[in-house]
Amino acid sequence: MAYSFEQHKMSGAIGADDEYWRGLEDGKFRLPQCSSCQNWTWPAHYRCGKCGSWDFKWVDLEPKGTVFTYTRSQYAFDRVLERKDDVPYVTVVAEIPAAGNVRVMGVLKGDETGLAIGAPVKGSIEPPSAKTKHYPSIRWELDL
Amino acid sequence: MSKMRGAAAIVGIGQTPYYKRGTSPEPELQLALRAITQAADDAGIDVRDIDGFVSYASERSDPSKLMPALGTRECKFASLVWFHGGALPATLNMASMAIMSGQADIVAIYRSMAEGSSQRLRVIVAQDDTSAQYLVNGLDSPAQILALRAQRLMEYHGVPQSALFATVQASYFHANNNPNAYGRNMEMTQEVYDNARMISEPYRLFDCSRENDAAACVLVVSAERAKHLKQKPAYILSAPMGTMEGGGALEENWKPYYATAGQVELAERLWKESGYGPKDVDVAQIYMNMNSMGIGAMVDHGFFKMEEAGDFCRFENLVAPSGKLPINTSGGDLGEGFIHGMGLIPEAVRQIRGTSTNQVPDANLSLVTGGPGDLMSSTALLGSESTL
């Protein structure tokens, strides 16, 4: 099967996270762990900076975390105009305890009541759409 | 102390007017030529003798394009320092090294931007380094990405909104006295600030810089040569660049610290290399693409602790002539205009010369911090002859 994000590939930054997007398109929340020293490397990279291994295993995780920080975008920014009708929207940076507290971004879904740093969130996966530039995405929802 | 300490000095400054983005009557290459020739005149140097060129970030007016119009006799050194505004003070490092090692004698450090002649915002500034992780999740602009850090700084570390407002008020207070500032006619009050629209929470409009069309340049020569030129030299005491372990291109995964500027280690090296500390600094130009990041830079440099930010960042402490730490005395990135911070170095030099429109009396140690929270950053301390 052809993955949507591969047909709409954006370049930028390190670019070692294809497996993350593939995972989401397959309905799995996956993060990379070093096969040798078990360190979680995020953003994904090509070599483990802790032990020098080149091998990572992509581990299926339950998408659960806590709010590390967030912002409510009140303006339709240039390169994310696909979301202009959603303004204001909140993007959350969630810390994932099951993966060494790495932080994964996602747009907040549902009720904002109780949104605060430290609040627990659970994730759900949304299929690719124009709003997400034809990538799959994780949405964080408050899980109070 | 380092070998670089006082080895080179800034002897010339040049700045074009700040235009509203997209309205410069001249393309950015021409703006660069204006700033460089002005800096040469200011120094009393024949512009043809400039033999080194240093810029940073997404600069597109490269020396090969400038040389024919400057009449450059020979270009011996040309380099770009990596990343965005974080690289600003590191240009002084690069120029000092080129001069100390005999690779060049007169180095122009410059930055030119004009929206019309380069696709700056969409393509050039982004430099293809905004990852899908951001764009998929509705984050595009530095205003949004740095808002994430501001939220953490304010909600988790307790830095109050009043601290952010004080930096805005001080910047515009200084801009009001600077006839060259883009914000010279803007009267900044609590009401104006509070009523401005939200951009990306917690940032309101005036917490953010707005890019202008303009160019600026400073000329660097050896300390020896500096003695024989027109202007009072501003010596480069230290200008460290880099980032800490756990920093760099890690998106929002910076550890061990996140909400400030990524300049703790840089500042430690700055104080060690220069032999001075935060208490010795007379005046500071603090890079404020967004103001909370500048507050983070001041925390990282040891001017105050996170929990003291509300008390320290009050209008009276941040303004010339008599504040505890006058900042952004030309109006800075918020009030004077923003060309990725390049206006900050000329103002740091004017303070040493005694020619700022918001002069701090007897300013001898003048700080310039680089783009806070950038993938890599830098910071620099300039000093008068008496500080050597």
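The values are calculated or read from the model by the stated rules, or taken from the named source; none is laboratory data. Bear in mind the structure is a predicted one, so any value in this text is a computation, not a measurement. In this analysis, Cβ positions are derived from the backbone assuming ideal geometry, glycine residues included, and neighbour counts consider all displayed protein chains.
How many residues are more than 8 Å from every other protein chain (Cβ to nearest Cβ), in contact (Cβ under 8 Å) with a residue 24 or more places away in the chain and surrounded by fewer than 20 Cβ atoms within 10 Å (Cβ to Cβ) if we restrict to the range A:64-89?
So the count comes out to 3.
Go through the range A:46-105 residue by residue and tally those that are in a strand (DSSP E or B), within 30 Å of residue B:203 (Cβ to Cβ) and not acidic (Asp, Glu).
21
Quick test for you: out of B:98, B:87, B:57, pick the one residue that is modelled with pLDDT under 95, closer than 30 Å to residue B:263 by Cα and away from chain A (no Cβ under 14 Å).
B:57 is the lone residue from the list that is modelled with pLDDT under 95, closer than 30 Å to residue B:263 by Cα and away from chain A (no Cβ under 14 Å).
Within 17 Å of the chain's Cα centre (by Cα) and more than 12 Å from chain B (Cβ to nearest Cβ) - does that describe any residue in the range A:129-139?
The answer is no; no qualifying residue exists.
Taking the condition of being under 20 Å from the mean Cα position of the chain (by Cα), among the charged types (D, E, K, R) and assigned to a loop (DSSP other than H, G, I, E, B), how many residues in the range B:6-60 meet it?
3
Of all residues being in contact with an Asp or Glu (Cβ under 8 Å, 6 or more places away or on another chain) and surrounded by 23 or more Cβ atoms within 10 Å (Cβ to Cβ) in the range B:60-84, which is modelled with the highest pLDDT? Just the residue, please.
Filtering the range B:60-84 for residues that are in contact with an Asp or Glu (Cβ under 8 Å, 6 or more places away or on another chain) and surrounded by 23 or more Cβ atoms within 10 Å (Cβ to Cβ), the one modelled with the highest pLDDT comes out as B:61.
Which ones in the range A:1-19 are touching a residue at least 60 places away in the same chain (Cβ under 8 Å) and either within 12 Å of chain B (Cβ to nearest Cβ) or small (Gly, Ala, Ser) (or both)?
A:4, A:5, A:8, A:10 - these are the residues of the range A:1-19 that are touching a residue at least 60 places away in the same chain (Cβ under 8 Å) and either within 12 Å of chain B (Cβ to nearest Cβ) or small (Gly, Ala, Ser) (or both).
Residues to consider are B:331, B:354, B:310; find the one that is surrounded by 24 or more Cβ atoms within 10 Å (Cβ to Cβ) and in contact (Cβ under 8 Å) with a residue 24 or more places away in the chain.
Only one candidate qualifies: B:331.
Taking the options B:158, B:183, name whichever one is within 14 Å of chain A (Cβ to nearest Cβ), touching a residue at least 12 places away in the same chain (Cβ under 8 Å) and not in a helix (DSSP H, G or I).
B:158
Considering the range A:7-41 alone, what residues qualify as being hydroxyl-bearing (Ser, Thr, Tyr) and buried (at least 16 other Cβ atoms within 10 Å of the Cβ)?
A:20, A:41
Taking the condition of being within 13 Å of another protein chain (Cβ to nearest Cβ) and either closer than 11 Å to residue A:60 by Cα or in contact (Cβ under 8 Å) with a residue 24 or more places away in the chain (or both), how many residues in the range A:20-40 meet it?
8
Considering every residue within the range B:309-327, establish whether at least one is more than 10 Å from residue B:167 (Cα to Cα), more than 12 Å from the chain's Cα centre (by Cα) and of a type in the set (Val, Ile, Thr).
No, the conditions are met nowhere in the range B:309-327.
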